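Comments concern the structure below.
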Amino acid sequence: MVEAAIDGDPFARTDLFHPFSRNLHYPRTVLVATNLKPGLDTLKLCVADQKDNDRSGHALRIMHFVAN
């Protein structure tokens, strides 16, 4: 799980687990914010300390950031 905060807003948790991601790095795009105003934004990411019992660790691999 990852926690993301945009422009000083409170952190929002996103569960990154996917059934195909067990034991491999499954590349996919995850949306953490919508309806941002035009201009510069600041993103803060934290790997959450919480996880579901059926998951074995806390890991995050970021390959790209995408803005639309």
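Structural remarks
- Fewest-first ordering of 11, 65 by other beta carbons within 10 Å of each residue's beta carbon gives 65, 11.
- Charge context of residue 35, other residues only, Cβ under 13 angstrom, K/R +1, D/E -1: -2
- In order along the range 34-48, the Karplus-derived 3J(HN,Hα) couplings, from 6.51 cos²θ - 1.76 cosθ + 1.60 at θ = phi - 60°, round to 9, 6, 6, 6, x, x, 6, 10, 10, 10, 10, 10, 9, 6, 5 Hz, and Gly and Pro are given as x.
No value in this document is a laboratory result; all are computed from the given coordinates. What you see is a predicted model, and the numbers here were worked out from it, not measured in a lab. Quick reminder, even Gly has a Cβ in these numbers, built from the backbone with ideal geometry, and neighbours come from all protein chains shown.
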